[in-house]
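Worksheet: the structure to be examined is printed underneath.
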Amino acid sequence: MRHTLSVVVVNSPGVLTRVSGLFARRGYNIESLTVSATQRSDISRMTIVVEGDPAVLEQMVKQLNKLIDVIKVWDITDTALSRELALIKVACGAAARSQLLEICRVYRASVVDLSPEYMILQITGTSQKVDALEELLEAYGIVELVRTGSVALERGANRRMQL
Amino acid sequence: MPWMNGAQAVVKVLAEQGVDRVFGLPGGAVLSLYDALRAGGIPHTLVRHEAAAAHAASGYARATGKAGVCIATSGPGATNLLTGIATANMDSVPLVAITGQVPSRLIGRDVFQEVDMTGAAAPFAKHVMQARSAAALPRMMREALHIAATGRPGAVVVDIPSDIAAAEANMDFTQGPELPGYRPVFEGHPLQIKRIQAALAQSRRPLILAGGGVLSAGAWAPLRALAERLGAPVALTMMGLGAFPASHPLCLGLTGMHGARRAMQALAQADLVLVAGARLGDRGRVEHTLRPGTVLVHMDADPAEIGKTLRTDIPVVGDIGAILRALLDIPSPGRPPWAFPGPEHSAHPAASLMRRLAALLPPETIITTDVGQHQLWAARYLPVDHPRSFITSGGLGTMGYGLPAAIGASLGTGRPSLVITGDGSFQMHLPELATLAASGAQVKLLVMDNGSLGLVRELQDEHQGGRHFGVSLDGNPDFCALARAYGLASRSAAMEDQEALEWLVRQPGCALLRLAVPQGLDAQSIQEV
């Protein structure tokens with residue numbers, strides 16, 4: 001099953017290496033990992049999407065917690081709102097252009113660049129939504145694609161960062 | 001605030017934290033540190049290879065219960081430490097490894113003797129840190145010692161660029177560790193303690209399996225009290241040897257694939273197993289021995305060990321001593337101990353040797369071993385009665401560990417050490433005989449020489465149909481002549497030679513006894529209980 005972990009870490013040099021090294025060394029699969037600043041300059045937040053059964057997930061969380069620079073780990077799979085951004089460059093001759101614009105409208109994607117041969121689409125949404133658009137665009141010829149990986153935050157009153 | 005350089009601040013913190021000896025080998029990137037050590041009055045033991053510095057600090061730590069400290073220069077000095085760091089960390093030994101680094105402005109330029117030490121050590125260290133300023137060093141050193149020695153102990157690397165060690169600053173020695181992500185649990189959860197007590201009250205055949213966690217927590221007294229209160233026999237992992245006296249009527253001896261058959265049989269018969277500070281590693285064979293329905297209670301300082309290999313019925317995380325003391329608040333079941341399997345007498349020549357040796361050795365002797373058949377024989381047959389008196393590389397299985405660990409253990413405690421080694425392992429750190437000769441440590445060596453990498457040879461018998469390859473140690477030196485070259489008394493004898501054993505024990509200084517061991521004398525793993 002796919003899980004979303006929110007990992008609050010001390011913003012120290014090498015912390016990303018240590019977290020990613022841990023996953024590599026123990027053979028855990030990472031689907032995506034993002035790391036960014038938070039409202040506190042000394043603390044960063046990682047959102048890690050992983051695949052694993054409950055026993056593997058329990059070990060992941062425990063092993064992450066063992067890292068000295070990891071302050072807290074939460075499995076927020078069921079409570080979080082998650083978003084991803086993708087930029088997709090598609091080949092678009094004149095014939096395909098109107099069809100692509102129609103797809104953009106349905107998916108609420110935006111066209112951020114347009115040249116005679118190519119179009120770059122930007123989409124924000126859940127990973128599943130991005131997957132669906134990607135699949136649809138394959139027929140037109142995806143030239144290049146980049147995705148940010150998920151970032152996630154819990155809904156409602158949860159204020160985990162008050163450490 | 002006192003004005004001094006980074007290196008002096010490091011030495012000041014070491015002294016303040018009770019470090020009374022360091023082990024190392026200097027180089028260009030640690031010149032300031034060595035100058036500060038000289039002036040700061042912390043004794044230094046010069047090794048001949050940096051891995052031995054880490055092993056010696058590990059032996060010191062395991063014998064004294066204090067963190068061991070080793071020092072190496074940047075580049076190859078630092079990478080030579082790596083095996084020692086991994087060895088210590090795998091066995092949960094508190095070790096602080098200080099490495100020199102190239103000047104901070106040159107980091108990343110691949111200059112002479114530069115290596116990414118924190119990156120290299122991170123996968124098998126409890127923590128790694130690199131100093132970014134001299135003023136940060138007092139707090140960093142305290143954090144390093146704190147992390148190494150608390151919770152589940154482990155190895156911590158502190159990498160110090162040479163310019164930062166030499167830079168002067170106003171040092172603030174009032175700051176303690178500030179580690180928001182590190183909060184080891186001390187007290188076991190009271191509800192879990194109650195659940196364990198309730199399970200113990202139901203149990204007819206309880207058994208305690210004690211590991212190295214009992215020794216690192218200094219918890220042998222409450223362990224013994226609980227075993228006696230419950231009438232529960234105690235089995236030991238290799239790391240746990242010494243946590244419970246071998247001569248105690250409740251002691252079952254060593255578990256595992258090279259353990260005592262009775263210990264494994266008792267594990268299979270128990271209806272409740274109380275695991276105290278053991279990680280249930282693969283060689284312990286607990287996983288394959290417990291019967292379905294046995295209640296498994298797992299007590300450990302490290303939450304990640306619980307449920308890692310085995311389903312646990314009642315987990316409890318905390319300091320083993322605190323948990324065992326809390327458990328003691330339980331009435332005695334008021335019946336004699338259950339009929340667990342009784343003592344067995346092995347006719348194996350190594351068993352006889354270990355029994356005779358134990359009878360001769362002064363009780364304060366610290367035993368260290370290397371890795372191989374001799375290690376398995378010592379662990380299985382040598383009765384260990386005192387805590388922190390049997391020191392072996394159990395997790396990583398590092399050949400060459402024994403001699404440097406014995407030097408560190410003896411220097412740390414002032415007690416005599418005996419290295420039980422084989423001709424293969426011994427040659428991994430032979431040059432440390434010079435360290436020994438110069439150090440003032442009281443170390444004797446028993447070299448069990450079968451002219452081969454005996455355990456690998458045995459494995460080739462078991463798994464490769466007896467096709468031996470790459471295991472014959474042709475070219476072995478005359479170990480006795482070699483010992484004499486380093487100023488040690490030495491003798492060679494047959495395994496059964498009682499007089500030679502007496503000679504070794506009687507020698508006033510360091511000495512070596514080489515025993516001729518027949519090839520093919522096996523360690524004999526247990527396949528089925």
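The values are calculated or read from the model by the stated rules, or taken from the named source; none is laboratory data. Everything numeric here is computed off the predicted structure, so don't read it as measured data. Reconstructed Cβ throughout: ideal geometry from the backbone, glycine too, with neighbour counts over all protein chains shown.
Determine whether B:PRO303 is within 14 Å of chain A (Cβ to nearest Cβ) and either more than 23 Å from B:SER332 (Cβ to Cβ) or not polar (S, T, N, Q) (or both). Don't jump to the end; show me each part of the working.
Values: within 14 Å of chain A (Cβ to nearest Cβ): yes; either more than 23 Å from B:SER332 (Cβ to Cβ) or not polar (S, T, N, Q) (or both): yes.
Here the answer is yes, as B:PRO303 does meet what is asked.
If I go through region B:5-25 residue by residue, how many of them are in a helix (DSSP H, G or I), under 12 Å from B:LEU37 (Cβ atoms) and not β-branched (Val, Ile, Thr)? Full working, then the answer.
Initially, region B:5-25 is screened for residues in a helix (DSSP H, G or I), giving B:6-16.
Now restrict to residues that are under 12 Å from B:LEU37 (Cβ atoms): B:7-8, B:10-12, B:14-15.
Cutting the leftovers down to not β-branched (Val, Ile, Thr) gives us B:7-8, B:12, B:14-15.
Residues meeting the conditions: 5.
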**Prompt:** What is the residue count in region B:256-270 for residues that are under 21 Å from the mean Cα position of the chain (by Cα) and either modelled with pLDDT of 95 or more or part of a helix (DSSP H, G or I) (or both)?
**Reply:** 0
**Every residue from region B:244-264 that is in contact with a strand residue (DSSP E or B) (Cβ under 9 Å, 6 or more places away or on another chain) and surrounded by fewer than 18 Cβ atoms within 10 Å (Cβ to Cβ)** = B:PRO245, B:HIS248
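Here's the yes/no breakdown for (1) more than 19 Å from B:TYR60 (Cα to Cα); (2) crowded, with 17+ Cβ neighbours inside 10 Å:
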site	(1), (2)
B:GLY400	no, yes
B:SER410	no, yes
B:GLN442	no, yes
B:ASP449	yes, yes
B:GLU462	yes, no
B:GLY487	yes, no
**Request:** Would you please list the contacts, defined by Cβ atoms under 8 Å and residues six or more apart or on different chains, that run from a residue in region B:310-330 that is at positive phi to a residue that is part of a loop (DSSP other than H, G, I, E, B)?
**Result:** B:GLY318/B:VAL185; B:GLY318/B:PHE186; B:GLY318/B:GLU187; B:GLY318/B:GLY188; B:GLY318/B:HIS189; B:GLY318/B:ALA301
**Message:** Looking at region A:37-69 only, could you name the residues that are within 14 Å of chain B (Cβ to nearest Cβ), farther than 11 Å from A:SER6 by Cβ and assigned to a strand (DSSP E or B)?
**Reply:** A:ILE43, A:SER44
**Asked** Which condition breaks for B:ARG62 when tested against (1) touching a residue at least 24 places away in the same chain (Cβ under 8 Å); (2) in a helix (DSSP H, G or I); (3) charged (D, E, K, R); (4) surrounded by fewer than 21 Cβ atoms within 10 Å (Cβ to Cβ)?
**Response** (4)
**Request:** May I ask you to list the residues in region B:171-194 that are in contact with an Asp or Glu (Cβ under 9 Å, 6 or more places away or on another chain), more than 11 Å from chain A (Cβ to nearest Cβ) and not hydrophobic (A, V, I, L, M, F, W, C)?
**Result:** B:GLY176, B:GLU187, B:GLY188
**Item:** Within region A:98-163, strands (runs of 3 or more DSSP E) holding 1 or more residues that are closer than 26 Å to A:VAL50 by Cα and in contact (Cβ under 8 Å) with a residue 60 or more places away in the chain
**Value:** A:142-147, A:151-154
**Complete:** How many residues of region A:3-15 are in contact with a strand residue (DSSP E or B) (Cβ under 6 Å, 6 or more places away or on another chain) and either under 17 Å from A:SER32 (Cβ atoms) or modelled with pLDDT under 90 (or both)? The answer is 6
**Complete:** Filter region A:18-29 for residues that are of a type outside the set (D, E, K, R) and loosely packed, with under 15 Cβ neighbours inside 10 Å; the one that is nearest to the other protein chains (Cβ to nearest Cβ) is A:ALA24
**Item:** Subset of region B:377-429 [closer than 21 Å to B:CYS510 by Cα, in a helix (DSSP H, G or I) and among the aliphatic types (A, V, I, L, M)]
**Value:** B:ALA378, B:LEU403, B:ALA405, B:ALA406, B:ILE407, B:ALA409, B:LEU411
**Request:** Answer yes or no: is there a residue in region B:39-54 that is more than 14 Å from B:ALA97 (Cα to Cα), over 25 Å from the mean Cα position of the chain (by Cα) and modelled with pLDDT of 95 or more.
**Result:** yes
